[in-house]
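A short reminder: the numbers here are calculations on the coordinates, not readings from a lab. Everything numeric here is computed off the predicted structure, so don't read it as measured data. Here Cβ is always computed from backbone atoms with ideal geometry, including for glycine, and neighbour counts include all displayed protein chains.
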Amino acid sequence: MGFIERRLQLDVADGATQEQLQSRLDAGLEGFKKGFAEAAEQLKLLSRFSPEVEADIGDTYQQVIEGTDALRARFIQGAAAPAVASSETAINTPSQVNNIAVQQGLYEYAEARDFRVELITQEGDKVSIRASSNMGVSVSAGRDANGIYGNASQSSASSFELLIEGD
C-alpha cells in the first residue's frame, strides 16, 4: 500500500488527471490481485495451513482492499465506491482464501552459471580466467501424525580460477 500511495503522491505532484490517478490505482490493485492469486496457488502446492495462517492470509487481503478504497477516497475526487464488488468470484475474501486446498508439496530450484575466457598476450603468454557459481533451494511441506511440517534448505558455491602459462 505504501508503494501505491507514494506513486499516487508523485503523480499528483506531476499534475496527473483524475483519470490517470484512477488508472494508476486500478493497475496497482490488479497487480496485487494477480500476485495474490499466484502466491495462493503456490501455497496450495507447498504448504498446509493452520487456521491462524488461513485467517492471516484472508485478513491481509481484506486490509489491502480497504487500504485501496481509502487511497481512492483520498486521491480521487467523488470516488466512494469500493474497489471490489461483493459478487466477485476470484480468490478475494477471507472465506474463499480459507478454502485453499492443502497438499503435500516439494519445490526445488537450481541455477548454475559459468564464465570462461582465454587470451594470448602479445608476448605469447596464455591467460585463462574461469568463474562459476551454483545455487539450489529446496522447500517441502506436508502433514503427518504430529501435524503440519515444513523443511527448507539452500546451498550455494562459487569458484574463481586464474591460470597463466608463460612469464
Peptide ranges 151-162, 130-141 listed from the most packed, as the mean C-beta count within 10 angstrom indicates: 130-141, 151-162
Spin-label pair I76/Q62, simplified geometry with 7 Å Cα→Cβ offset, distance in nm: 2.3 nm
Modelled FRET efficiency - R0 41 Å, S155 with V127, Cβ distances, 0.05 increments: 0.85
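Ranked highest first by the average count of other Cβ atoms within 10 Å around their residues, in what order do 21-30, 115-124 fall? Each step should come with its number before you reach the end.
On the way: 21-30: 16.5, 115-124: 9.1.
Sorting 21-30, 115-124 by mean packing, highest first, produces 21-30, 115-124.
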